[in-house]
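The values are calculated or read from the model by the stated rules, or taken from the named source; none is laboratory data. Every value quoted in this text rests on a predicted model; they were computed, and no experiment measured them. Reconstructed Cβ throughout: ideal geometry from the backbone, glycine too, with neighbour counts over all protein chains shown. Surface areas here come from the heavy atoms of the whole protein model, side chains and all, with no ligands, DNA or RNA. Shrake-Rupley method; radii C 1.70, N 1.55, O 1.52, S 1.80 Å.
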Amino acid sequence: MKRTYLLFISLLIIVLMVAGCSGNASKNTSSEKEGKEGGTLNVASQSEPATLDAQITGDSDVKDATRSIYEGLMILDDKGNPKPDLASKVDISDDKKTYTFQLRKGVKFHNGKEMTADDVVASINRWIKLSSLGKTNFSGAEMTKAGDYTVELHLPSPNVNTLSLLADPIPAAAILPKEVVDNASDEGIKDYIGTGPYKVKEWKKNQYLLLEKFKDYSSKGREVKKTPHVDEIKISFVSDESTRISGITTGQFDVALSVSSDNAKQVEGSQNAKVETSPGGFMGLFYNADKGVFKDINARKAVNAALNSKDILDSSYGSSDYYKLSSSIVNKEYPNYYSTAGKEEYNQHDKKKAKEYLKKSGYNGEEIRLMASRDYQDQYNTAVVVQQELKDIGMNVKLEVYDWATFSDKMSDTNQWDIYPVDWNARSTIFQGFWTTKGTSVEKSMDYLNKIKAAPSVKEARGDIDAIQQYVWDELPFTLIGHKVNINAVSNNSKGYEYNLGPIFYNMSLTK
């Protein structure tokens, strides 16, 4: 009996060793497998896009779902440089106020019609009118037709970021058929027709979006290639993270978006998937410089001097694998706008210095309203640590927690708050919507932004880019705490996953 038991255990160990070796071998070699043509790429997204109109919204869900459907005149390469996409050539006038785009000929929309200048004129003028990027940066600009395959963008004043903004994926300057634009309301288009490698096959609300390979698609001649391999991309809307994680580890999904740092190790420990990290946006602590305690620069400097960015980010993201300590608004991966100016003011965690600034500000124990939302756990965790660190220097901080909708409503009213943390999506330029709080410090930021816009080139804007980064640390419209790392999970049975200001699915293929 004892001998039989020992034999069974020995066999069991051998079987487990073989199984383990087999599993490891599978994991190690799967990435070396060649991708095949065809099949369905299954993507699990944390939420459903509110619309498929990529021009009118800055929501990441919309961007992720529509990048395979629409294309623009320009596209960003992996260093954040704008490259021609639907345009074949761009000429800029000597006064930098007219951009002439030669369009690629023979590009088909999903409805079979060829793209011409009429479509581009209608699309870009709508984007200028309705998108946040268009309204902010191209007020008074107009796209006109100069030929069947030539268009001109006329600017009231030079803007060195014109091509980058046209290439930005969120909200995208998507080129749509003129008739789609003509039939659209300001609330959104009714027909989802682009020139991208995939077209909309079915959108089943609350369940999934199914994209189908566009058989007439070609990116021949373009610097940034798009080579669709799978027949379909199915984006399922799975709000529960544990379900997304379970699906990617069991093979149900090929990509699972928005993995938390807590669950990243579970994915890495599986035989079927791995985590893919990429540069994320920054966590900032925004001050009400319009009224209250933080109208005084010394109060803002007191908070800035007190903060321990590492402790805050450890609390928000769990491990230094999932954040980066950085004083630059723009990630190092996008060198055009990366800057270390003013870095000596970053991550000081100097309580003595903070108390000196606080005394200089005349602070007298007034209640500080620190606003946060639990809907974004990293922002809430940041607020909890900040509250304690400010209490340590003698500030009377009250943490007020709201759902995201209430938080967003209160954010626009400076009577409702004194300070709040929020994270912003990554961008390859310094132009973002984060200059949104009020007060002198924010208004003065516009002077620096306008100088960058007026520069002859991004290279020649270097001094102004450093100047505005220095200004942020001198005047503190916000304190930059650090950059998060985006985490998505990708199946070992897929290839071609890319990330550039968001996940890209159109070049992916399956290996089995």
Candidates E268, E345, E276, E356 - the one that is more than 28 Å from E498 (Cβ to Cβ) and out of contact with any helix residue (DSSP H, G or I) (no Cβ under 6 Å at 6 or more places or on another chain): E356
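Does E212 meet the test of being open to solvent by 10 Å² or more (accessible area, probe 1.4 Å) and within 26 Å of G80 (Cα to Cα)? Spell out the reasoning first.
Details: open to solvent by 10 Å² or more (accessible area, probe 1.4 Å): yes; within 26 Å of G80 (Cα to Cα): no.
When the stated conditions are applied, E212 does not pass them.
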So, S326, is that one open to solvent by 10 Å² or more (accessible area, probe 1.4 Å) and in contact with a strand residue (DSSP E or B) (Cβ under 6 Å, 6 or more places away or on another chain) or not? yes
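Listed here are the residues, each with its yes/no results for (1) out of contact with any Ser or Thr (no Cβ under 9 Å at 6 or more places or on another chain); (2) crowded, with 17+ Cβ neighbours inside 10 Å.
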site	(1), (2)
R374	yes, no
Q379	no, yes
T382	no, yes
V385	no, yes
Q388	yes, no
N396	yes, no
S412	no, no
N415	yes, no
D423	no, yes
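Which one is modelled with the lowest pLDDT, of the residues in the range 284-299 that are farther than 14 Å from E356 by Cβ and in contact with a helix residue (DSSP H, G or I) (Cβ under 6 Å, 6 or more places away or on another chain)?
Here is the first cut: in the range 284-299, the ones farther than 14 Å from E356 by Cβ are 284-295.
Then keep just the ones that are in contact with a helix residue (DSSP H, G or I) (Cβ under 6 Å, 6 or more places away or on another chain); that gives 287-289, 293-294.
Working: Y287: 94, N288: 93, A289: 90, V293: 97, F294: 96.
So, considering only residues that are farther than 14 Å from E356 by Cβ and in contact with a helix residue (DSSP H, G or I) (Cβ under 6 Å, 6 or more places away or on another chain), the one modelled with the lowest pLDDT is A289.
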What pairs come out if I take residues in the range 396-417 that are acidic (D, E) and pair them with residues that are at pLDDT below 90 and open to solvent by 70 Å² or more (accessible area, probe 1.4 Å) whose C-beta lies under 8 Å away, six or more apart or interchain? D403/R374; D403/D375
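Suppose we filter S316, S260, S320 for residues that are within 17 Å of the chain's Cα centre (by Cα) and among the polar types (S, T, N, Q); which single one remains? Steps first, please.
Numbers: S316 fails: within 17 Å of the chain's Cα centre (by Cα); S320 fails: within 17 Å of the chain's Cα centre (by Cα).
So the residue among S316, S260, S320 that is within 17 Å of the chain's Cα centre (by Cα) and among the polar types (S, T, N, Q) is S260.
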What are the pairs with Cβ atoms under 6 angstrom where one residue, in the range 111-135, is of a type in the set (A, V, I, L, M) and the other, located anywhere, is in a helix (DSSP H, G or I)? Sequence gap at least six, or different chains. A122/K178; A122/V181; I128/G134; L133/L165
Charged (D, E, K, R), open to solvent by 40 Å² or more (accessible area, probe 1.4 Å) and within 25 Å of the chain's Cα centre (by Cα), is that true of E223? yes
Is there a residue being more than 30 Å from L325 (Cβ to Cβ) and outside any strand (DSSP E or B) anywhere in the range 483-494? yes
Quick check on G318: is it in contact (Cβ under 8 Å) with a residue 12 or more places away in the chain, surrounded by fewer than 21 Cβ atoms within 10 Å (Cβ to Cβ) and touching a helix residue (DSSP H, G or I) at 6+ places or on another chain (Cβ under 8 Å)? yes
